[in-house]
Amino acid sequence: MKNKYLVATLFSAFLLMAPNVKAANFVDNQAVDSNKNWTIRFTEKIEFDASTKQDITVKDSKGNGVNAGIQLGQDSKTIIVTAPQGGYTKGESYILNVGTKVHSNKGKALKKEQKVHFNIKNNNSIITFKDKNLEEAVRYVIMKPEGTIYKSDVEKIPYLKADMKDIKNLDGIENLTNLEKLDLTFNQVSDINVLKGLNKLKTLNLEFNGLNDVEDLEPLKELVNLENLDLSNNHIKDLSVLKKLTKLKILNLEGNDNIKNISALEGLTNLQKLNLRSNQIEDISALKNLNKLEDINLENNEISNLIGLRELVNLKTLNLSNNKINDLNALKGLANLEDLNLTTLNKEDTTPKEISALKGLINLKILNLSGNRIKNLSVLSELKNLDDIDLSNTMTKDISVLGKLTNLRAIVLNNNQISDISAFGELTSPTFIELNDNQIKDISSLKGLVKLTYLSLNNNQISDISALGGLTNLKRLDLGNNKVNNINPLKKLTNLGYMILTSNQISEVDKKALEDALPECTIPFY
């Protein structure tokens, strides 16, 4: 005669995969965590209808029903009872009841009602911190300036800001099991072993600490959910421990000085922002497949070959300053670039640089070419979307090409050989201009730049400043080290907050008159 009844076996979720599980494996009245899930295994596939669902209940010690979740397992022979949102109440007792209305898809009912009693751990164990500065940071977050700290006080902390606290020892932080963001910037931490269990961490900042070799970084291997990691300004050399952190989107390794080999990064294909500034990197081929990268800082390294960047078509921001670069051809296809810093491309070679590779970068908005000698600036005429350009220290004489860049708002041309600035007469958008240390006499072409708020013309040969009288939006003006003697046009610039007129040919009477006309403006004359 066929069995007309189901048999149910109850056991903890952690026993789900154990072979030959029997009811005897379950201990009644056991203490469990507040987020405990229970799994019930049946001998046949379950009919997961309203009748079955309604006959599986969880009640507290007062008989009140608990809104636990009920799910059918993939094999249809198991039912998972999940903890209510927020978990069970700590210290409370509960009963899980599986009634006889639970039935199989063939109509067989459960032979006998099953009851499971369980208690929720209080988690009120006392925790301590060896480092009083770390303890102080934790107390601030939990708003408990004194008294005993319990595990229940800290286990739900999602973010701990503990920067600049002179912390040396992290013991105790392992109890902050729900940490998602941890800031330990500017401390003296060299041992991070206790962090390895904080597997919910998504953001970790260890900038300016005492981290050195690969052993110091070993615990990071366990933090596989990290998305944002800052290890800048330490003394790191070996990056091999980062290989497993494949969820990383932001990685900062600036200022470690010792980093030469970045091959460990080649599998971090989710990276969007990478800072490798101020290291000793020569080979960047490991970056070639990181095609989600949008922002890379490679300033101040030993790079000469840019082939590793050629396929990174999603790049928007790129800094290649202060390297050993002569050839920019690898940048030709990076049409999405918006911000490109090429300051001092080759710190060892001052021969004129060819920039024709920039011609197709039509989305560029910010371009810095300072510190280079440029063969031909005419290619810039193609970059119609430029709104910020820096050509300081380039030995430039002819800036006529700038007259074609009508979207320019910020222009920096310090320390060149410029005498003719008539190209500015074709522009109307600039709000910021620096032309210090040039050979300029005539500034009449600035007359129409009524949007200017900042203008610096220090150390030129200017005597006539009448063109400035209509620039009433100016807030800061530098005319120091020129040949100005008539400053009457400046009296109309009532929005000025700071103006430099040192080393000119201005009479004491005119100085006093200008100060009276602009009482809100600070004016150093000497």
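Summary table
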| quantity | calculated |
| --- | --- |
| Condition met for Ile167 (touching an Asp or Glu at 6+ places or on another chain (Cβ under 6 Å) and either over 28 Å from Asp33 (Cα atoms) or not aromatic (Phe, Trp, Tyr) (or both)) | yes |
| Residue match in segment 144-162 (condition: touching a Phe, Trp or Tyr at 6+ places or on another chain (Cβ under 7 Å) and at pLDDT 95 or above) | no |
| Selection from segment 504-526 of residues that are surrounded by 13 or more Cβ atoms within 10 Å (Cβ to Cβ), more than 17 Å from Leu455 (Cβ to Cβ) and of a type outside the set (Lys, Arg) | Ile506, Asp510, Ala513, Glu515, Ala517, Phe525 |
| Condition check for Ser456: in the same structural domain as Ile418 (by TED's automatic domain parsing) and either exposed (fewer than 15 other Cβ atoms within 10 Å of the Cβ) or at positive phi (or both) | no |
| Check on Leu490, assigned to a loop (DSSP other than H, G, I, E, B) and modelled with pLDDT of 95 or more | no |
| Qualifying residue in segment 291-300 (condition: at pLDDT below 95, of a type in the set (S, T, N, Q), over 27 Å from Asn234 (Cα atoms) and not in a strand (DSSP E or B)) | no |
| Candidate set: segment 415-430, residues that are part of a loop (DSSP other than H, G, I, E, B) and touching a residue at least 24 places away in the same chain (Cβ under 8 Å); chosen: the one surrounded by the fewest Cβ atoms within 10 Å (Cβ to Cβ) | Ser429 |
| Qualifying residue in segment 274-284 (condition: over 24 Å from His235 (Cβ atoms) and either in contact with a Gly (Cβ under 9 Å, 6 or more places away or on another chain) or surrounded by 16 or more Cβ atoms within 10 Å (Cβ to Cβ) (or both)) | no |
| Residue match in segment 39-58 (condition: in contact with a Phe, Trp or Tyr (Cβ under 8 Å, 6 or more places away or on another chain) and assigned to a loop (DSSP other than H, G, I, E, B)) | no |
| Hits in segment 301-329 - residues which are touching a strand residue (DSSP E or B) at 6+ places or on another chain (Cβ under 8 Å), under 15 Å from Ile262 (Cα atoms) and surrounded by 16 or more Cβ atoms within 10 Å (Cβ to Cβ) | Asn301, Ile303, Leu309 |
| Residue within segment 352-360 that is part of a loop (DSSP other than H, G, I, E, B) and on the phi > 0 side of the Ramachandran plot present | no |
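Each row is one residue, and each column tells you yes or no for (1) more than 27 Å from Thr428 (Cα to Cα); (2) among the polar types (S, T, N, Q).
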{"residue": "Gly480", "(1), (2)": "no, no"}
{"residue": "Val484", "(1), (2)": "no, no"}
{"residue": "Leu496", "(1), (2)": "no, no"}
{"residue": "Ser503", "(1), (2)": "yes, yes"}
{"residue": "Ile506", "(1), (2)": "yes, no"}
{"residue": "Asp510", "(1), (2)": "yes, no"}
{"residue": "Thr522", "(1), (2)": "yes, yes"}
{"residue": "Phe525", "(1), (2)": "yes, no"}
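The values are calculated or read from the model by the stated rules, or taken from the named source; none is laboratory data. Since we're looking at a predicted model, the values are computed, not measured. Backbone-built Cβ (ideal geometry, glycine too); neighbour counts: all protein chains shown.
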